[in-house]
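The values are calculated or read from the model by the stated rules, or taken from the named source; none is laboratory data. Nothing here was measured: the structure is a model prediction, and the numbers come from that model. Note: ideal-geometry Cβ built from the backbone for every residue, glycine included; neighbour counts use all protein chains shown. Surface areas here come from the heavy atoms of the whole protein model, side chains and all, with no ligands, DNA or RNA. Shrake-Rupley method; radii C 1.70, N 1.55, O 1.52, S 1.80 Å.
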Amino acid sequence: ALAQLRSKWGGGDVGDVPDHSTWQAPMPVPPPPGFERAPAPDIHSCRCTFNATVKSPVCFGWNQEAAYLPPLDEAICSQSWTLACSAEKYYLEAAAEAADGPLFGRFKRDRRYNYVLEHVSAESGMDYLMITFLRYKDLVEPPRLQRFIANDLVGSPVKCFYDPIGMAVSPTTIRYIKVAGDLRKLFGDMSGMRVAEIGAGYGGQSSVLFDMFAISWYDYYDVPQALRLIKRYAHHSDALSTAQREGRCCGYQDGTQDLIQASASPAGGSGGPYDLVISQYALTELTDATILGYYTAVLKTARRGQLLISCALIGERRKWLMDLVAQDHPDLSYADEYPKTGKQCASGENGIEVIWGHGPGNQAPQVK
């Protein structure tokens, strides 16, 4: 299948990789035996393969998506988030129960938790996997891949069997691997860097990064319930546990509006200044006041940055954020995210990737 993939898409020419809609096109072939129906979200109900006849990936069976959706036009309750009241309430409940109780064993498949996190579809996972293979092949080869997917031993995520690598993996874990490859391509070896992540979830992205690089320090910015969950998850991650023993991990910064603004300072906030700040869509779910707090405390003095911005932040609000960050980072640039995480925004815009500090002279500090 991988030989066919190289032949189809030019052995790694990024411009030849099809976009998200092409990958999900209906396939004129029946599913493999046993995959005609997918009764439950389980490892045995999802499979992604490569169809040689139509020369395109195809997934059969269950497909992850947010299991809880708030009512349309529901009000927003938080001063920090732009999520609907019920979505915020249910997500925070699930995060707290996972951090403090038995839900930790299966939180990644909890319907309330999936509205915000761990909801990457099987097809999107195939997108990320194929692009990672073409761009960063070393990240999807053993034994490194096995270390990465040890992430799936925690929280009982719903996994899909991916024929190109011959194993079942959570699509969200595959996205973490792909993002890590993007960061390496943009900023080089991240060893020795001080890193901040805005909206860290349960810590999955940081686990992959610590496995790849000897990061000198890592600060998580999130709500208190998520921070408690990250602390618990870290005890089950070999990469994070090792970094903690070596004194390289981690800081837990309350990312609610009031504390972010209170911690802001000319020096760059509670843990800054940082060599790199990353955020995977989290900024787009925050109110303007909270975004401004993060700008003052974290973004303003960060030497490098990579922010993924979704359809939740469009139009004048998106332009405001871009202009705000560009004041201090004139080399800021952006492009449509690739692959797309969903359909085009209703406004006609796409999700974007915002980066700065990725040009000459921005190499990672040398590790002594």
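Among what's in the range 197-211 and is without any contact (Cβ under 8 Å) to a residue 60 or more places away in the chain and open to solvent by 10 Å² or more (accessible area, probe 1.4 Å), pick the residue that is farthest from Val154 (Cα to Cα).
Out of the qualifying residues, it is Phe210.
Output yes when any residue across the range 70-90 is among the acidic types (Asp, Glu) and either under 18 Å from the mean Cα position of the chain (by Cα) or assigned to a loop (DSSP other than H, G, I, E, B) (or both), and no when none is.
yes
Quickly run through the range 155-173 and pick out the residues that are closer than 21 Å to Pro143 by Cα, open to solvent by 10 Å² or more (accessible area, probe 1.4 Å) and either basic (Lys, Arg) or touching a helix residue (DSSP H, G or I) at 6+ places or on another chain (Cβ under 8 Å) (or both).
The answer is Lys159, Phe161, Pro164, Ile165, Met167, Ala168.
Please indicate, with yes or no, whether at least one residue in the range 336-353 is over 25 Å from Gln79 (Cβ atoms), at pLDDT below 90, open to solvent by 60 Å² or more (accessible area, probe 1.4 Å) and not in a loop (DSSP other than H, G, I, E, B).
So far as the range 336-353 goes, yes, one or more of its residues are over 25 Å from Gln79 (Cβ atoms), at pLDDT below 90, open to solvent by 60 Å² or more (accessible area, probe 1.4 Å) and not in a loop (DSSP other than H, G, I, E, B).
Residues of the range 136-148 being assigned to a helix (DSSP H, G or I) and touching a helix residue (DSSP H, G or I) at 6+ places or on another chain (Cβ under 6 Å), which ones?
Scanning the range 136-148 gives Leu139, Val140, Arg147, Phe148.
Of the residues Lys185, Lys178, which single one is surrounded by fewer than 20 Cβ atoms within 10 Å (Cβ to Cβ) and basic (Lys, Arg)?
Result of the check over Lys185, Lys178: Lys185.
Looking at the range 257-264, is at least one residue outside any helix (DSSP H, G or I) and either modelled with pLDDT under 95 or out of contact with any Gly (no Cβ under 7 Å at 6 or more places or on another chain) (or both)?
Yes, the range 257-264 has at least one match.
Collect the residues in the range 112-126 that are open to solvent by 30 Å² or more (accessible area, probe 1.4 Å), at pLDDT below 90 and within 17 Å of Leu229 (Cα to Cα), keeping them in residue-number order.
Listed by number, the residues that qualify are Arg112, Tyr115.
Report, by residue number, each residue of the range 220-252 that is assigned to a strand (DSSP E or B), of a type outside the set (Ser, Thr, Tyr) and crowded, with 23+ Cβ neighbours inside 10 Å.
Once the filter is applied, which keeps residues that are assigned to a strand (DSSP E or B), of a type outside the set (Ser, Thr, Tyr) and crowded, with 23+ Cβ neighbours inside 10 Å, the range 220-252 yields only Asp222.
Does the range 294-326 hold any residues that are assigned to a loop (DSSP other than H, G, I, E, B) and either open to solvent by 10 Å² or more (accessible area, probe 1.4 Å) or farther than 18 Å from Asp219 by Cβ (or both), and which are they?
Hits for the range 294-326 are Lys300, Thr301, Arg303, Ser310, Cys311, Ala312, Leu313, Ile314.
How about the range 84-102: which of its residues are open to solvent by less than 20 Å² (accessible area, probe 1.4 Å) and closer than 21 Å to Ile291 by Cα?
Ala84, Ala87, Tyr91
Mind counting the residues in the range 127-149 that are out of contact with any strand residue (DSSP E or B) (no Cβ under 9 Å at 6 or more places or on another chain) and open to solvent by 40 Å² or more (accessible area, probe 1.4 Å)?
Here the count works out to 8.
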